[in-house]
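The values are calculated or read from the model by the stated rules, or taken from the named source; none is laboratory data. Please read all numbers here as calculations on a predicted model, not as lab measurements. Note: ideal-geometry Cβ built from the backbone for every residue, glycine included; neighbour counts use all protein chains shown. In case anyone asks, the SASA skips ligands and DNA or RNA and just uses the protein heavy atoms, side chains included. Shrake-Rupley method; radii C 1.70, N 1.55, O 1.52, S 1.80 Å.
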Amino acid sequence: MLVTLHTGKFQPANHGNKLQNYALQEVLKNFGLNVYNLWAEMLENEKPSLFSKILRYPKGFAKCILALLGSRKYRRWLKNYRLAKKTPPASPEIEALRTSICDKFDDEYIINKVPSSYANPLNQNECENYQYAITGSDMVWRNWSGTLEDLEYFYLSFMPAEKRVCYAPSFGFKKFPARFAKLHKKYLAEFKKLSCREIEGCNLIKQAVNKEVLHVLDPALLLNADDYLKIARKPKFKIPEHYVFVYYFGMITDEVKSLIDKFSSGLKIIHVNNPQELEYYLTDASEFLWLMNNADYVYTNTFHGTVFSIIFKKKFISAGKYSYKIKDILSSLNLNNRIYNNDGKIPQGEIDYDSVYEKLNARREISLNYLQECLNLK
């Protein structure tokens, strides 16, 4: 029996990332495979280095200069940054409670966890237990911690090259950071087949190693709505019959609040990423699915908020004007008109989901075929 192993970034309270991990697991199980999830937590000595922290300050300084010089984009960034500084975050106790609630989803639905860490991945003997290892997806090659161990880990350097499979990885940047550019190119060249979640990432890889790269779907899009509804759970708090579901990362500015109010047309707003609305904030991935599926409308600025709006065929706005990963999926499904362009105009009209799903199903077939070929199932 073929045994696979899947790695993903450790983000304890991110509903979208938990569900993409679950989706790839279920796809592999549907292939008839035994699935093991490599479960890596960032240890104290693996947190972002001093060097990576120092780099943030020149970037912030440059953004402030651009804002003062009149850049509309960075003037908005500066305004939101100032507002965020004035807004008290959730207490450590609330964050710990939220993490523990979200972790229950993993305990219930993520199977066969294999403990690991960036600095201490599997050893040679352990690697022999697995025929393939899969890495992906959400900005898995961004190297968040700024350490050599992080980058090598998510390129599966601890596994023999012939066992490494990448499915829909992404970078979160359009140019390799100079410090790690050679390592990116080295490890990319060692994959027999390459895929990426966004066109920008595909182009980046082609330029780096001159190999063909397949543009594939995020794992979450490989499952249908019915697959997710099997694990959806209604939250215990009181929910109105009609409401707008808000899945928004970052500060809700007065401008954003005004737009949401306009979009909602007086309906109740349920925002699950606002610590000031505690009962909504303490939802897990199963409850996220129920709330998304039963909403009248969805307002989001996140990639997976956009993805699940499409999966559940919702009327939605994606405030992702500056997010190339959101633009990528919407463009590929002819849904560019759902992006809010910060112009005060709400996207109008019904969504032709028959047309959307015709394109989506074609891309699913391509993506699943790629994955089966990588695992020698075809």
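Listed values, structure above:
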read-out	value
Between the stretch 213-252 and the stretch 117-154, the Cα center-to-center distance that results, in Å	28 Å
Loop GluC sites (Glu not before Pro), the stretch 275-378, which have at most 13 other Cβ atoms in a 10 Å radius of their Cβ (DSSP)	Glu350
His242-Val356 FRET efficiency (beta carbon distance; Förster radius 30 Å; 0.05 resolution)	0.80
Full-stretch length increase - Lys313, Asn203 - with 0.36 nm per residue and alpha-carbon distance subtracted	36.6 nm
The stretch 203-308 - percent relative contact order, Cα under 8 Å, separation 6 or more	36 percent
Low-density loop positions, GluC sites (Glu not before Pro), the stretch 98-146 - DSSP coil, at most 12 other Cβ in 10 Å	Glu128
Residue-wise HN-Hα coupling along the stretch 277-284, computed from phi with Karplus coefficients 6.51, -1.76, 1.60 (Hz; x: Gly, Pro)	10, 4, 5, 6, 5, 9, 9, 9
Two-decimal ratio, the stretch 191-278, of alpha-carbon radius of gyration to 2.2 N^0.38 Å	1.64
Cα pair count fraction exceeding 14 Å, expressed as % - the stretch 244-286	50 percent
Total formal charge among the other residues, if their Cβ is under 14 angstrom from that of Lys163, Lys/Arg +1 and Asp/Glu -1	-1
Relative contact order for the stretch 282-361, counting Cα pairs under 8 Å that sit 6 or more residues apart, in percent	22 percent
Equivalent ellipsoid dimensions for the stretch 283-378 as semi-axes, Å, which come from the Cα gyration tensor, largest first	26, 17, 13
Projected label distance in nm at Glu212 and Ala189, using a 7 Å step from Cα toward the beta-carbon	2.1 nm
Chymotrypsin sites (Phe, Trp or Tyr not before Pro) lying in DSSP loop within the stretch 223-321, provided at most 13 other Cβ fall within 10 Å	Phe237, Phe249
Where Lys315, Lys230, Lys185 fall by accessible area, highest first, once all protein chains stay in place (1.4 Å)	Lys230, Lys185, Lys315
Rounded to the nearest 10 Å², the accessible area of His215 at probe 1.4 Å	40 Å²
Residue list for the stretch 296-336, given a label point 7 angstrom along the Cα-to-Cβ vector of Ser265 and an amide N cut-off under 11 Å	297
Surrounding net charge for His242, when Lys and Arg each add one and Asp and Glu each subtract one, Cβ distance under 11 Å	-1
